[in-house]
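Below: one structure, written as structure tokens.
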Amino acid sequence: MKAEITLPTAEFTQRFSATRRGARLARRLALHQLDAWGIPYGSDLYDSTAVIVAELAANAVTHGRVPGRDFELRLTLAPTALRIEVSDPRGEREPEPRQSAPEAEDGRGLQLVEALAMSWGTRERVIGKTVWAELVVS
């Protein structure tokens, strides 16, 4: 049996303060990096990345925040997929999609991630957790 190994063609990693400003900056820099990699503005990949990074970063600063600790964004571009990873220091709080009341203003972030990504999940770290999502590069 032959195993296929896909090596990343490009990678971007940055740490941000666990604040709303840090979450906004993570989204902006992720989109700037997509532009640098030649991914067109307004493409499905670009727009889906914007939503997913915004949601995962917002979750990291809202639910995964530990005072004095940052969160990390990592983008890995391979020929067939873009992997988005957001790591925070709260490993005991696993994210779960939940049903929100129609009038609720929050609680739909992971439903969006689930709808846009070809796959998503979590993995433990020595300190904290990483929430990841993968998008198809076409």
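The values are calculated or read from the model by the stated rules, or taken from the named source; none is laboratory data. Not measured: the values here are computed from a predicted model. When we count neighbours, we look across all protein chains shown, and the Cβ atoms used for this are built from the backbone with ideal geometry, even at glycine. Each accessible area value is taken on the protein alone, full model and side chains, heavy atoms only, with ligands, DNA and RNA left out. Shrake-Rupley method; radii C 1.70, N 1.55, O 1.52, S 1.80 Å.
Summing charges over neighbours of residue 68, with a neighbour being any other residue whose Cβ is under 14 Å away from its Cβ, gives +2 when K and R count +1 and D and E count -1. In the neighborhood of residue 49, defined by Cβ-to-Cβ distances under 14 Å, what is the net charge if each Lys or Arg adds +1 and each Asp or Glu adds -1? Surrounding charge for residue 49 is -2. Atom-type composition of the exposed protein surface of the chain places 50 percent of the accessible area on carbon and sulfur (1.4 angstrom probe). The packing ranking, built from the mean of other Cβ atoms within 10 Å per residue, places the peptides 81-89, 27-35, 113-121 in the order 81-89, 27-35, 113-121, highest first. Placing a label point 7 Å from the Cα of residue 93 along the Cα-to-Cβ direction, the residues of segment 25-61 whose backbone N falls under 16 Å from that point are 55-61.
When only the Cβ of Lys, Arg, Asp and Glu is charged (+1, +1, -1, -1), the dipole of the chain relative to its Cα centre reaches about 480 debye.
Once the Cα atoms are used to define both axes, helix 44-63 deviates from the longest principal axis of the chain by about 30 degrees. Extending 7 Å from Cα along the Cβ direction at residue 17 and again at residue 78 yields two label points whose distance is 3.6 nm.
Accessible surface for the chain, divided over its residues, is 62 Å² per residue with a 1.4 Å probe.
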